[in-house]
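Presented below is the structure to which this report refers.
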Amino acid sequence: MKKIILMILIILLIAIAVIVILSHQPKTLKQPSSNFKIVTSFYPIYIMTSNLVQDAQSVELVNMTETNIGCLHDYTLMAADMRKIENANVFVQNGLGLESFMQEILSSYPNLRVTDTSVNITNKMEENGHVNAHIWTSIPNYISQINEIAKKLSEYNPENAEIYSKNVQDYTAKLEELNQKYQTELTNLTGQKAVCLNEAFTYLLKDIGLELINVETDHEESTLSADTLKNIIHQMKEENIQVIFVAEEDNQQNANTLANETGAKIYSLNTAMTGELEPDAYIKAMEENLEVLKQINTN
């Protein structure tokens, strides 16, 4: 009997020792996926890329930031963001300094291939000492961006090069059709003056020939000094400026003040910086903007 008890104790001790040893073994690292992994910096770049990877084989597309994050000015990387970049084959960014955190990413992933969608943009606008990075609100710029992405994806993932080529042609055709509508349906706005309270629309509005008074605001606070507002109101009255542009998500305190003092109308536009994760999201946003712009001079 004693021998049986002793054997049971020995077996139990061995089992406990095995459990302790296994619990202290280093965790097995997650094996990288065999897919070609593309990580985009934020929503507009994700929508561009999602149109290009449709039907591509063994491709994984991940957006680094949350879709409702909006603009990346002063964005601070989260630990979850860095985990998404792990094992990425390519990181796609807007460029022009919008992703101010790129050095931090490259410090952690020095071999990461980065595609800068802004490299072929020729109408970069500098305002108040910095380059306006909101290039995607111009449809021609957007087309340039998607072509750069397609070129780099074909280079890095040649297995899907034909699909990327087909997709960029199909998407470009839709965008060019939309751009043609802008050019033909908004000719009455050429040369008209307007106040723009969100720099995201500078490229879009200048594409259609508007002359803008750009007012840089802190979109979190949406406040302007009393003197600044006074000067803008004076200029609007002197030049009979009757149009004010804001983003749909902006606090409209400043716009309301200007409108109340001058009788100008406020027009809210879509920055295409947030929205649904569907391929046609950008086109829908720009069609929405077209309808808003068509209301000018008709009310």
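Bear in mind these aren't lab numbers, they're just calculated from the coordinates by the rules spelled out. For clarity, every value in this text was computed on a predicted model and none was experimentally measured. Cβ placement follows ideal geometry from the backbone for every residue including glycine, while neighbour counts extend to all protein chains displayed.
Taking Cβ atoms as reference points and 12 Å as the exclusive limit, the residues near residue 174 contribute a net charge of -3, counting Lys and Arg as +1 and Asp and Glu as -1.
Near residue 63, the amide H atoms lying under 5 Å from its own belong to 40; only residues 5 or more places off or on other chains count, and H is placed 1.01 Å from N.
Karplus-based coupling profile of segment 138-149, in residue order and whole Hz: 8, 4, x, 5, 4, 4, 4, 5, 5, 5, 5, 4, with θ = phi - 60° in 6.51 cos²θ - 1.76 cosθ + 1.60 and x standing for Gly or Pro. Can you give me the relative contact order of segment 36-181 as a percent, contacts being Cα pairs under 8 Å and 6 or more apart? Relative contact order of segment 36-181: 25 percent. Counting only DSSP beta bridges with both residues in the chain, the antiparallel share comes to about 10 percent. Placing unit charges on the Cβ atoms of the charged side chains and taking the dipole of segment 36-181 about its Cα centre, the candidate lying farthest along the positive direction among 65, 120, 150 is 150. Strictly greater than 20 Å: what percent of every Cα pair in segment 22-171 meets that? Taking all Cα-Cα pairs of segment 22-171, the fraction more than 20 Å apart is 50 percent. Phi angles across segment 35-49 convert, under the Karplus curve 6.51 cos²θ - 1.76 cosθ + 1.60 with θ = phi - 60°, into 3J(HN,Hα) values of 6, 7, 9, 10, 10, 9, 6, 7, 3, x, 6, 4, 4, 4, 5 Hz, Gly and Pro given as x. State which entries of 84/124; 37/166; 37/151 exceed 27 angstrom in Cα-Cα distance in the structure shown. Pairs exceeding 27 Å: 84/124. Compared with the direct C-alpha span, the chain from residue 183 to residue 257 gains 23.5 nm at full extension, assuming 0.36 nm per residue. Taken one residue at a time, the phi angles of segment 238-254 give Karplus couplings (6.51, -1.76, 1.60, θ = phi - 60°) of 4, 9, 6, 8, 10, 10, 10, 10, 9, 8, 4, 8, 6, 5, 9, 4, 5 Hz. Gly and Pro are set to x. Among the listed pairs 152/206; 181/206; 174/206; 193/284; 206/237, which are separated by more than 18 Å between their Cα atoms? Check vs 18 Å cut-off fails for 152/206; 174/206; 193/284; 206/237. Rounded to the nearest 0.05, the FRET efficiency derived from the C-beta distance between residue 172 and residue 74 at R0 = 45 Å is 0.85. Based on Cα atoms of segment 187-294, Rg over Rh with Rh as the Kirkwood radius reads 0.97.
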